[in-house]
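Just so it is clear, none of the values below were taken in a lab; they were calculated from the coordinates. In this text, all values refer to a predicted model and were calculated from it rather than measured experimentally. Backbone-built Cβ (ideal geometry, glycine too); neighbour counts: all protein chains shown.
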Amino acid sequence: MDNRQDIFDSVATQIEPFNKKGVNLTEATTFAGDMEWDSLTVMDFVAAIEDEFDIIITMNMQAEIETIGQLVDAVVKLKG
């Protein structure tokens with residue numbers, strides 16, 4: 001799964017159980033603003049992404065990721 005669109009699609013699939021507001025997912029969708037996730041939801045979601053892609057997202061990286069597009073970029077970089 002090296003294609004960026006495939007990674008976006010997989011991330012979107014992982015978001016679905018956490019998307020309580022039914023937000024339309026785009027590269028620019030924000031976790032805190034658009035989806036209104038609290039820190040516990042973020043931690044659960046990050047764990048799901050780490051398991052899905054077999055990567056580790058550090059706390060420093062998490063602090064810099066605000067949108068779905070940024071998360072996809074981070075996954076691409078970590079899988080690189």
Q) Short version: ³J(HN,Hα) in whole Hz for each residue of the stretch 19-31, in order, from phi by Karplus 6.51 cos²θ - 1.76 cosθ + 1.60 (θ = phi - 60°), x for Gly and Pro, what are they? A) 8, 5, 8, x, 5, 5, 8, 9, 4, 8, 4, 9, 6
**Q.** Label-point gap, in nm, between residue 32 and residue 59 - each point 7 angstrom along Cα→Cβ
**A.** 1.6 nm
Q: Counting other Cβ atoms within 10 Å, keep those with at most 11, restrict to DSSP loop, and tell me which trypsin sites (Lys or Arg not before Pro) in the stretch 4-49 are left.
A: 20, 21
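Going from the alpha-carbon gyration tensor of the chain, what semi-axes, largest first and in whole Å, does one get by taking the root of 5 times each eigenvalue?
Result for the chain: semi-axes of 18, 14, 11 Å.
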**Q.** Total charge dipole magnitude, the chain, about the Cα centre, Cβ charges on Lys, Arg, Asp, Glu only, Debye to nearest 20
**A.** 80 debye
Q. Quick one: Karplus J couplings for the stretch 48-61, per residue in order, coefficients 6.51, -1.76, 1.60, θ = phi - 60°, nearest Hz, x for Gly and Pro?
A. 5, 5, 4, 5, 4, 9, 6, 10, 10, 9, 5, 4, 4, 5
**Q.** Within the chain, helix-based [θ] at 222 nm, where runs of 4 or more DSSP H residues each add -39,500 (n - 2.57), nearest 500
**A.** -17000 deg cm²/dmol
